[in-house]
Every structure is written in structure tokens, then in C-alpha cells.
Amino acid sequence: QVQLAESGGGLVQPGGSLRLSCAASGSIFSSHDRGWFRQARGKQRELVGILSRGGRTSYVDSVKGRFTISRDNAKNTMYLQMNNLKPEDTAVYYCKGWRGDSDYWGKGTLVTVSS
């Protein structure tokens, strides 16, 4: 059973930066599409960005130019670099890996953007 574990969340002031990590228990990231999602309190979980197996990235408009997804396949780890954070970025951030009918979720890490 593949397990994903996010880390790196915390409290940051508006305009600040954080880097989230998503570590996989197995080497799935080289063979799976990957992504970051987030869920704010009282809202539905939403997509933040995707990193395809081929290495292409895409982002939702609200984070374009501020967030960057990267990977280290040797470490089975995916990252989410978040810059110029805004209060509306406050949410629990989840990573996900998927291929065909299989998908794997982490338990999430809380990011709070507040002064």
C-alpha cells in the first residue's frame, strides 16, 4: 500500500513563502501523475496544480505565478513552493498520486496565512 505524507505547513504572514513536501513510501511518482489540492474550512477540496508523469506542470489561475510544483524522483518526493502567500491561500493542502483507477492521498498539512 502506497502512502503519501505531506509536511511543511505552518503559519506565515501575507507575502511570505512556504515549501510543502510530499513524500511517497514507494517509487510511484515516476509512474503516476501527481498533484496538489487544498481545502479551506467550509469549502470543497480544489485543485491547485498538477505535475504529469512527463514532467509538465499546470496550475489553477489563482496560484499561477506564485506557486511552483517540482519533484525529486530519487527521493520519491514532490514539492509545492508557495510565494507571495495571501490569506485566501489558507487551507489544508493535500498531495495526490494517480494512474488509471488507482489513486493515493496524503493526510494533509495545514497552511495558515495571517498577520
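The values are calculated or read from the model by the stated rules, or taken from the named source; none is laboratory data. Bear in mind the structure is a predicted one, so any value in this text is a computation, not a measurement. Note that we place each Cβ from the backbone using ideal geometry, even for glycine, and neighbour counts take in every protein chain shown. What goes into the accessible areas is simple: the full protein's heavy atoms, side chains included, and nothing from ligands, DNA or RNA. Shrake-Rupley method; radii C 1.70, N 1.55, O 1.52, S 1.80 Å.
What to note about this one:
- Filtered by the rule that a residue be within 24 Å of Gly100 (Cβ to Cβ) and open to solvent by 70 Å² or more (accessible area, probe 1.4 Å), the range 55-87 gives Arg56, Arg71.
Every residue, every condition in (1) of a type in the set (S, T, N, Q); (2) outside any loop (DSSP other than H, G, I, E, B), yes or no:
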site: Gln1; (1), (2): yes, no
site: Glu6; (1), (2): no, yes
site: Gly16; (1), (2): no, no
site: Ser21; (1), (2): yes, yes
site: Phe29; (1), (2): no, no
site: Trp36; (1), (2): no, yes
site: Gly49; (1), (2): no, yes
site: Tyr79; (1), (2): no, yes
site: Tyr94; (1), (2): no, yes
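- With respect to the conditions (1) within 20 Å of Val92 (Cα to Cα); (2) touching a residue at least 12 places away in the same chain (Cβ under 8 Å); (3) among the polar types (S, T, N, Q), Thr57 falls short on a single one, namely (1).
- Pairing residues of the range 95-115 that are surrounded by 15 or more Cβ atoms within 10 Å (Cβ to Cβ) with residues that are part of a loop (DSSP other than H, G, I, E, B) and acidic (Asp, Glu), at Cβ distances under 8 Å and at least 6 apart in sequence or on separate chains, gives no pairs at all.
- Among (1) of a type in the set (A, V, I, L, M, F, W, C); (2) within 17 Å of Thr109 (Cα to Cα); (3) in a strand (DSSP E or B), the one test that Leu85 misses: (3)
- Restricting the range 13-47 to residues that are closer than 30 Å to Ser114 by Cα and among the hydroxyl-bearing types (Ser, Thr, Tyr), the residue that is most open to solvent (accessible area, probe 1.4 Å): Ser17
- The set of residues in the range 67-88 being free of Cβ contacts under 8 Å to residues at least 40 places away in the same chain and either in contact with a strand residue (DSSP E or B) (Cβ under 6 Å, 6 or more places away or on another chain) or closer than 16 Å to Gly8 by Cβ (or both) consists of Phe67, Thr68, Ile69, Ser70, Asp72.
- Qualifying position, being modelled with pLDDT under 95 and of a type in the set (Gly, Ala, Ser), among Gly49, Gly97: Gly97
- Conditions (1) more than 21 Å from Gln13 (Cα to Cα); (2) at pLDDT 95 or above; (3) assigned to a strand (DSSP E or B); (4) of a type outside the set (D, E, K, R): number failed by Tyr104: (2)
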